[in-house]
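Each remark here refers to the structure printed beneath this line.
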Amino acid sequence: MNQPAPLLQVRGLTTQFATEEGLLTAVDNISFSIQSGRTLGLVGESGCGKSVTGYSLMRLVQPPGKIVSGEVLLNGTDLLKLSDKEMRTMRGGKIGMVFQEPMTSLDPLYPVRDPILETLSIHRGLKGAEAKAEAVRLLQQAAIPEAEKRLASYPHQYSGGMRQRILIASVLAGRPQVLIADEPTTALDVTVQAQILALLRQLQQETGTALLLITHNLGVVAENCHDVAVMYAGRIVERAPVRTLFASPRHPYTKGLLQAVPGPSTPPRQPLQAISGSVPSLLRLPSGCRFLSRCPLAQPQCAQTEPALRSAGENHEAACHLVETQER
Ligand SMILES: Nc1ncnc2c1ncn2[C@@H]1O[C@H](COP(=O)(O)OP(=O)(O)O)[C@@H](O)[C@H]1O
Ligand SMILES: [Mg+2]
């Protein structure tokens, strides 16, 4: 089957932080790609490097953090090789990000229409009445009531959920080809969550956006993603189309994540089976597999060498020494 070249191709991306205790590799040699119009879910527990991955793609990692190697190809252009000025013009129009913390990315000094109108002007050439009408349409799409009046309000006049929706509207205003959404709905109630995710899907259908959806909610993944990458301690440990991943997870970490999700068959009041233990410190990683200390299937070889991602079936990869021997 001949597939078109992926819109976004990430190869060997590595991002480190120089901390007082030493060099911390938050994103460790990860690779993935997303086709136009497709959604890749990036999942994993807190601290696994998901947000740093998003910031790295945007080239917004702040010191003491630094991207130390890799390529981020957008339509074949390596974003990591662009000048700062060139990268600024990519941000917003070609690649955009909805951040996990909405208050930190809306300037409290300006009414919310300002960033939206600015994006519409820079990236879509819309001005005056045309821009204003589009701004109103975007806020309406993001389920902001009384959108026209609301454009003149300041960020602090909105609730957290509304700020997040305004932020999403302002990112969508640029119609980015690649959109990174970092836990975009975590702070929102279930109804609004569904609206926002529907909005993202609609944008994708209209403009063919490639979406990287960062979330720890596997239900969100099941309903919104075509493919999934599971991240653990800075590495991608499993990657597969969404149905394959849910039907036959091959990495013990993925299996653990799936078992921790309440399903229709979970009896009420039965405690969820969370994965015991915690993510190892990225400053002191074990020599073998990073999941070793928590893995119910660990074998002696797992303490010796770190497993690389390997084929675990058609279009399916897992970084586990036992992929061949595990029962499916
Ligand atoms: N500014 C920073 N300085 C030092 N370490 C950082 C910084 N930002 C993130 N990290 C570390 O990078 C790792 C990955 O963080 P993050 O990407 O935010 O995880 P996730 O989004 O998966 O919860 C964590 O161990 C975190 O402590
Ligand atoms: Mg995060």
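Points to keep in mind about this one:
- Filtered by the rule that a residue be charged (D, E, K, R) and either in contact with a Pro (Cβ under 9 Å, 6 or more places away or on another chain) or crowded, with 16+ Cβ neighbours inside 10 Å (or both), the range 174-199 gives Arg175, Asp182, Glu183.
- Each residue in the range 52-66 was checked for being over 22 Å from Leu203 (Cα atoms) and within 13 Å of ligand 1 (Cβ to nearest atom), and 10 of them qualify.
- Top-ranked residue of the range 200-226 - restricted to ones that are buried (at least 22 other Cβ atoms within 10 Å of the Cβ) and of a type outside the set (A, V, I, L, M), ranked as nearest to Arg137 (Cα to Cα): Thr209
- Gly12 vs. criteria within 20 Å of the chain's Cα centre (by Cα) and assigned by TED's automatic domain parsing to the domain that holds Thr186: yes
Results for (1) of a type in the set (Ser, Thr, Tyr); (2) in the same structural domain as Val220 (by TED's automatic domain parsing); (3) free of Cβ contacts under 8 Å to residues at least 40 places away in the same chain, shown as yes or no for each residue.
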| position | (1), (2), (3) |
| --- | --- |
| Arg124 | no, yes, no |
| Glu130 | no, yes, yes |
| Leu139 | no, yes, yes |
| Tyr154 | yes, yes, no |
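- Selection of the range 123-173 for residues being out of contact with any Gly (no Cβ under 8 Å at 6 or more places or on another chain), surrounded by 12 or more Cβ atoms within 10 Å (Cβ to Cβ) and among the charged types (D, E, K, R) yields Glu130, Lys132, Glu134, Arg137, Glu148, Arg150, Arg163, Arg165.
- Selected residue (only one of Ala143, Ala147, Ala173 is touching a helix residue (DSSP H, G or I) at 6+ places or on another chain (Cβ under 9 Å), at positive phi and free of Cβ contacts under 8 Å to residues at least 60 places away in the same chain): Ala143
- Of the residues Gly76, Gly37, Gly12, Gly96, the single one that is under 26 Å from Asn217 (Cβ atoms), more than 16 Å from ligand 1 (Cβ to nearest atom) and surrounded by fewer than 18 Cβ atoms within 10 Å (Cβ to Cβ) is Gly37.
The values are calculated or read from the model by the stated rules, or taken from the named source; none is laboratory data. Just so it is clear, the model here is predicted, and its values are computed rather than measured. As a convention, Cβ positions derive from the backbone with ideal geometry for all residues, glycine included, and neighbour counts pool all protein chains shown.
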